[in-house]
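Only one structure is covered here, and it is reproduced in the block below.
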């Protein structure tokens, strides 16, 4: 590695040749502010259009200021990141950005978490000296994502995430000059685009131009209604991130506190999506074994690999892009929807109430779940199995609204029976976790032997595409894993061409899996936060007394009392789904 | 945006153009040039087909079409009118001539009359500054035009 010597803010620094000034400065703890620059170093994603000019620095011997994000450091450079000239220029740049930015911070969903707002504060801007034209773009409301493009500052992070990380291609920069915005093809509504509602555009947006549909009011209304029994379920990834909203270290596990605040808010039953994740493993694992057994018996109609179907962004993606392969993914519903089906059938019956009088709320790290729970196939007489899907951030908002001291609240347990879960269900929150959980159960069901070691570390990690072969007592089972839809597309294209020998592939749309979901507390591009959540997920798993889904006593009881057997008739009816060809649904308005 | 259905012929022609450029994403601009030359404009349906053939998103194609002023999504009229707004024509009253065309045809710049006969556009210098102000209708050049003369010229084509 070739090194160079430079000076940053009077400090001599040795740095790697080829690195940008911005990166070198960050490594030595000098914070050059940016707006358009966005990096997720753990998954090699970078947005570097050099457009906002907030990161300009002064380089000795150069006439003009240089953008730190797009300028490589060279031998002998003498750089000033906060000289008088730089500070003045930076303030002017931000003032100009503010000149056509709506000043509705009081009611903006991003307020307090907005990078433009905090930058304006940091630069001491107290008035906006430039009066410019304001853009008047319509608000685009979809079931999950709101686009309020008047707030767009053209950083183009969303465009990069949508096209490079996800290869979804819903968004692109259009028009030029003042008219330029990021929009869908023909400026149609998001619902008519190939958007998967993964929401990573929201996670990347530095301002309030992209946000999730807020359903906290509807949930409060339901809780206030004495005729409704309101049940809440919480996804695995929420418990390792929610604490961040209250100043806790990333990776702090707050399962017990989360259960306690949900009870305080007034939910009648505090249950766990993890329970349904165990149920998913029973169904999906059984489906996998059935397909493998048939395949080995020479049945050529069997589709292998089986693809996981927990991630709603991923489901939307393959419905749009792989309509010829709709029989390849597992038919198992996602844990959230399985929970909804169990709650509104089994649990409603146990309580002796009608399904219309039950409201199921889920707390999800995810934005696409808002779309998923509104799918027609998950409704009975237009009553959905899951009524509302709130994000981790929305739950934090509720906690603040109800003035609950999150740090002080005593831990509590989930209610039973739908609150009991195993370590296998917790790891659903991380990339590789679903398939590891499935492997733990499938191994024992397939071989009839007890696993000595439940940790399949070969399936863990944060690389975009991973593969491993697990020895099922003499039978090699080939497993593929992808997170990010660009990576999934790579694997799926190989499957389509018949070039793989995988038995099963797990896909999650978001970086790191659900822990990096778009509904999680904003990480503002700090991938270390995702790494810490990742580590916490496996810590939570290791601390569980039971770590295999099929050993969950409440799952066993549910099959004995009610469901019968995995992939049986009632399961088929309530816990499995089917997929639709959506490639033709990308409409062009008349 | 009127919904149009592409004929088999048109679809094949566009596919042919795309494959002539190797269906390479980097060649989208060239394909758009060629297709607009062929069809006169680039409606959404054409862009969708081009996106599919060139293996890029429709949003990406639309981004290019809206960025470059050369590309248009509205069909040109049977007689496309181009008013030169180059420096020489401008100082000799091209703007007034343009206003007269707008008033007479009841359309704005970049638009087409409802009967599809005329469309109105501006361009920069046709290299006939001696004749300023200059207007092109189709391939034909009209020089030293005054607002008074606009009606008569339009009537030639009505």
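Brief remarks on what is shown
- DSSP bridge analysis restricted to chain B gives an antiparallel fraction near 55%, rounded to the nearest 5.
- DSSP-defined beta bridges in segment B:79-157 - what % are antiparallel, rounded to 5: 55
- Centre separation in Å (Cα based) which lies between segment A:104-119 and segment A:333-352: 38
- Dimensions of segment B:79-157 from C-alpha coordinates, computed as largest minus smallest value along each principal axis and given longest first, are 34, 21, 19 Å.
- Here, segment A:352-447 is characterised by an Rg to Rh ratio of 1.03, where Rg is the alpha-carbon radius of gyration and Rh the Kirkwood radius.
- Chain B - percent relative contact order, Cα under 8 Å, separation 6 or more: 19
- Relative to its residue count, chain A spans a Cα convex hull of 175 Å³ per residue.
- Percent RCO, i.e. relative contact order, over segment A:1-65, from Cα pairs under 8 Å lying at least 6 residues apart: 18
- Per residue, the convex hull volume that the Cα atoms of segment A:178-261 enclose (Å³): 173
- Helix axis angle, A:84-99 relative to chain A longest principal axis, alpha carbon, degrees: 60
- Per-residue Cβ neighbour counts within 10 Å put A:100, A:528 in the sequence A:528, A:100, beginning with the fewest.
- Ordered by the number of other Cβ atoms lying within 10 Å of each residue's own Cβ, fewest first, A:456, B:70, A:339 fall into the sequence B:70, A:456, A:339.
- The C-alpha atoms of chain A define a longest principal axis, and helix A:273-296 lies at about 70 degrees to it.
- Just so you know, the Cα atoms of segment A:398-541 work out to an Rg and Dmax of 17.8, 57 Å.
- Angle between chain A longest axis and helix A:527-542 axis [Cα atoms, degrees, rounded to 10]: 20
- Distance between the C-alpha centres of segment A:408-433 and segment A:475-513: 27 Å, rounded to the whole angstrom.
- Alpha-carbon centroid distance for the pair segment A:353-399 / segment A:252-300, whole angstrom: 16
- Tensor-based shape of segment A:485-584 (alpha-carbon gyration tensor, a/c under 1.5 rounded, otherwise prolate or oblate): oblate
- Relative contact order for segment A:140-212: 43 percent, from Cα pairs under 8 Å spaced at least 6 residues apart, divided by residue count.
- Ranked B:119, B:19, A:334, criterion: other C-beta atoms within 10 Å, fewest first: B:19, B:119, A:334
- Peptide ranges A:233-242, B:84-93, A:355-364 listed from the most packed, as the mean C-beta count within 10 angstrom indicates: A:233-242, A:355-364, B:84-93
- D_trans [Stokes-Einstein, Kirkwood Rh over alpha-carbon pairs] for chain B, 20 °C, 1.002 mPa s, µm² s⁻¹: 126
- Shape category assigned to segment A:382-433 from the gyration tensor of Cα positions, a/c cut at 1.5: oblate
Values in this text are rule-based calculations from the coordinates and carry no lab data. Please read all numbers here as calculations on a predicted model, not as lab measurements. A quick note on method: Cβ atoms are made from the backbone with ideal geometry, for glycine too, and the neighbour counts reach across all protein chains shown.
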